[in-house]
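The values are calculated or read from the model by the stated rules, or taken from the named source; none is laboratory data. This is a predicted model, so every value here is computed, not measured. Backbone-built Cβ (ideal geometry, glycine too); neighbour counts: all protein chains shown. Side chains are part of the model used for accessible areas, which takes the heavy atoms of the whole protein and leaves out ligands, DNA and RNA. Shrake-Rupley method; radii C 1.70, N 1.55, O 1.52, S 1.80 Å.
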Amino acid sequence: MKKFAVIVAGGSGLRMGTSVPKQFLDLRGRPVLWHTLSAFLAAFSDLSIILVLPEGQEETGLQLVRSTSDPDRI
């Protein structure tokens, strides 16, 4: 059976007090969201990810997705 994960990364970063949404902040050289996506992709070989991003952040999200190990599954 095919598996899907919905990752909601729709925050604005307002509570973090930054102009950059927290999912795009750097954590050990990569955006936080990159680590999340990579962990899900590594966990299940038959998993497809539905990624929810804030309006206006689609291009940033697309670039991040392309940098993962398996962008076709997102």
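Quick look at the values:
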| item | result |
| --- | --- |
| Carbon plus sulfur fraction of accessible area for the chain, probe 1.4 Å, in percent | 57 |
| Arg28, Arg66, ranked by accessible area, largest first (probe 1.4 Å) | Arg28, Arg66 |
| For the chain: accessible area per residue (Å², 1.4 Å) | 67 |
| Estimated dipole of the chain in Debye, rounded to 20 [Cβ of Lys and Arg +1, of Asp and Glu -1, Cα centre] | 260 |
| DSSP-defined beta bridges in the chain - what % are antiparallel, rounded to 5 | 25 |
| Long-range amide H partners of Ile74 with built H, under 5 Å | Ile49 |
